[in-house]
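Here is the structure we will look at.
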Amino acid sequence: MDAWLQALGLAAAVLSAVAFYAGSTHCLWPRLRGRPRLARGLGCALAVLSLAAWMHALGAAGACAMLACWMLALAAQPWLALLACSCKGRGVVGEAP
């Protein structure tokens, strides 16, 4: 029973991180930019859902699990964006042609 709660907590934390990155002015993915207020609101709602799922599955340790998943996903966003840009042959974002 706890496995689906943990999967829900993980998915909500990752989607929350993506939403917060989309709401950031540093977002390197053009498709995600556009509505920063909506993205930040959605990111907050998904973070609360993730925290609730993790804490229901693991108790007080769920807060640590949620923050670990969330911070890992937040730290990976810029790296993944740069990796996607360099794979398309455009080089590093902001680099002169």
When the helices in the chain are scored as -39500 (n - 2.57) per DSSP H run of 4 or longer and the sum is shared across all residues, what 222 nm value do you end up with, to the nearest 500 deg cm²/dmol? -26000 deg cm²/dmol
For the range 2-87, calculate the relative contact order in percent as a whole number, restricting contacts to Cα pairs under 8 Å that are 6 or more residues apart. 40
Bin all alpha-carbon pair distances of the chain at 5 Å intervals from 0 and give each bin's fraction as a whole percent. 3, 15, 20, 19, 15, 12, 8, 4, 2, 1, 0
In what order do Cys85, Cys64, Cys69, Cys44 fall by count of nearby beta-carbon atoms within 10 Å, going from fewest to most? Cys64, Cys44, Cys85, Cys69
Calculate how steeply helix 2-22 sits against the longest principal axis of the alpha-carbon atoms of the chain, using the helix alpha-carbon long axis, and give the answer as 0 to 90 degrees to the nearest 10. 30
Using 7 Å Cα-to-Cβ label points, what is the Cys44/Leu67 separation (nm, one decimal)? 2.0
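Computed from the coordinates by the stated procedures, all read-outs in this text should not be read as laboratory data. These figures come from a predicted structure and were not determined experimentally. Virtual Cβ from ideal backbone geometry, glycine too; neighbours counted across all protein chains shown.
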